[in-house]
Amino acid sequence: MSEIKIQTTPFDARFPNVNQTKNCWQNYYDYSKCVAAKGEDFAPCRTFKRSYMALCPNEW
């Protein structure tokens, strides 16, 4: 069996408060810009996607 590596979103000094709505939006926006510029296979884009998927509510 392969191990599943679980990670939390790293601390972002721009969003020190408990409410992470703006952090969610910024990571989504950064992901969208990254994909438009570099494509979905670019590794740093996946970092933004992982962050927004962890921070944003599923209903959004």
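List pairs: first in segment 44-60 and more than 13 Å from residue 12 (Cβ to Cβ), second surrounded by fewer than 16 Cβ atoms within 10 Å (Cβ to Cβ), Cβ under 7 Å, 6+ apart or cross-chain? Here the result reads 45/38, each pair linking segment 44-60 to a residue that is surrounded by fewer than 16 Cβ atoms within 10 Å (Cβ to Cβ).
State yes or no: is residue 29 assigned to a helix (DSSP H, G or I) and at pLDDT 95 or above? Answer is yes for this residue. Can you work out which of the residues in segment 1-39 that are among the charged types (D, E, K, R) and touching a helix residue (DSSP H, G or I) at 6+ places or on another chain (Cβ under 8 Å) is farthest from residue 55 (Cα to Cα)? That would be 38. Restricting attention to segment 1-24, the residues that are touching a residue at least 24 places away in the same chain (Cβ under 8 Å) and closer than 19 Å to residue 59 by Cβ add up to 4.
For residue 47, the requirement of being assigned to a loop (DSSP other than H, G, I, E, B), of a type in the set (Ser, Thr, Tyr) and surrounded by 10 or more Cβ atoms within 10 Å (Cβ to Cβ) is not met.
The values are calculated or read from the model by the stated rules, or taken from the named source; none is laboratory data. Remember, it's a predicted structure, so these values are computed and weren't measured experimentally. Virtual Cβ from ideal backbone geometry, glycine too; neighbours counted across all protein chains shown.
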